[in-house]
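Here the structure is laid out as structure tokens; the discussion comes afterwards.
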Amino acid sequence: MTGRLFVITAPSGAGKTSLIDAVMRDDPTLKISISYTTRHPRPGEKDGVDYHFVDKKTFLAMRERGEFLESAEVHGNHYGTGKQVILDAVKRGDDLILEIDWQGAQQVRRLYPGCIGIFILPPSVEELERRMRSRGQDADEVIRQRVQNAREELSHAGEFKYAIINKDFETARRELASIIRRERANT
């Protein structure tokens, strides 16, 4: 039995992580891949739970050794998905969620054309900016840059099999859960 790979992508502030967390609480058989990153932990994040936090030198050495299924630089930080963890999980028959950006999703699709791509969209770019500002974590210039990056990311939504507009969280959660159930039933 082979597991399924659900590749879930969204611009920062679209609600991707919250949706994934909610769906996983309702379905404990789903697993999530924990990515590596060179960015510093945000308040409340834990190493090995939210990300594997590593320094740039370690990350680049891992990439050089071919240890990543995909990797990308986003907002000046490096992110990557450990290859062996994914291969082992899929081989065991685990259904696995990869929470990655559009660049990483392109890399994964080349290696695993059967992966299921899901793009989470904000209701509008203005709403996305409002959500970013409501966090109160970033300066205006950082938010402006992230909004600009989000516009680029949104242009790649059509590359995914599914798109969910996260206007209402509960509706978006149900849609994501429904897609996962439907894809599981198709195999």
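Given the residues Glu170, Glu159, which is the only one that is closer than 28 Å to Pro28 by Cβ and modelled with pLDDT of 90 or more? Quick ask: steps written out before the conclusion?
Numbers: Glu159 fails: closer than 28 Å to Pro28 by Cβ.
Just a single option satisfies the conditions, and that option is Glu170.
Number of residues in the stretch 173-187 that are among the hydrophobic types (A, V, I, L, M, F, W, C), modelled with pLDDT under 95 and surrounded by 12 or more Cβ atoms within 10 Å (Cβ to Cβ): the value is 0.
Only a single criterion out of (1) part of a loop (DSSP other than H, G, I, E, B); (2) of a type in the set (Gly, Ala, Ser); (3) touching a residue at least 12 places away in the same chain (Cβ under 8 Å) is not satisfied by Ala72, namely (1). Among the residues of the stretch 35-51, none qualifies, meaning not one is closer than 21 Å to Thr17 by Cβ, touching a residue at least 24 places away in the same chain (Cβ under 8 Å), assigned to a strand (DSSP E or B) and small (Gly, Ala, Ser).
Just one of the numbered conditions (1) of a type in the set (S, T, N, Q); (2) surrounded by 16 or more Cβ atoms within 10 Å (Cβ to Cβ); (3) at pLDDT 95 or above is not true of Ser71: (3).
Give the stretch 127-158 a look and list any residue that's hydrophobic (A, V, I, L, M, F, W, C) and either outside any helix (DSSP H, G or I) or touching a residue at least 24 places away in the same chain (Cβ under 8 Å) (or both), or say none.
Just the residues of the stretch 127-158 that are hydrophobic (A, V, I, L, M, F, W, C), to begin with: 128, 132, 139, 142-143, 147, 150, 154, 157.
Within the stretch 127-158, Leu128, Met132, Ala139, Ala150, Leu154, Ala157 qualify.
All of (1) within 21 Å of Ser18 (Cα to Cα); (2) touching a Gly at 6+ places or on another chain (Cβ under 7 Å); (3) part of a helix (DSSP H, G or I); (4) among the aliphatic types (A, V, I, L, M) hold for Ala89 with one exception: (1).
Tally time: how many residues in the stretch 75-86 are touching a Gly at 6+ places or on another chain (Cβ under 9 Å) and in a strand (DSSP E or B)?
Residues of the stretch 75-86 touching a Gly at 6+ places or on another chain (Cβ under 9 Å): 79-81, 83.
Subsequent filtering for residues that are in a strand (DSSP E or B) retains 79-81.
Looking only at that region, the number is 3.
Assess whether Leu96 counts as being without any contact (Cβ under 8 Å) to a residue 60 or more places away in the chain and either in contact with a Leu (Cβ under 7 Å, 6 or more places away or on another chain) or in a strand (DSSP E or B) (or both). Criteria not met by Leu96.
Looking only at the stretch 108-126, residues that are free of Cβ contacts under 8 Å to residues at least 40 places away in the same chain and either surrounded by 12 or more Cβ atoms within 10 Å (Cβ to Cβ) or assigned to a helix (DSSP H, G or I) (or both) come to 3 in all.
For the stretch 159-182, a tally of residues being within 21 Å of Arg4 (Cα to Cα), of a type outside the set (D, E, K, R) and free of Cβ contacts under 8 Å to residues at least 12 places away in the same chain returns 1. In the condition set (1) under 17 Å from the mean Cα position of the chain (by Cα); (2) closer than 26 Å to Asn166 by Cβ; (3) surrounded by fewer than 22 Cβ atoms within 10 Å (Cβ to Cβ), Lys16 is compliant with all but (3).
The values are calculated or read from the model by the stated rules, or taken from the named source; none is laboratory data. In this text, all values refer to a predicted model and were calculated from it rather than measured experimentally. No Cβ is skipped: glycine too gets one built from the backbone with ideal geometry, and neighbour counts run over all protein chains shown.
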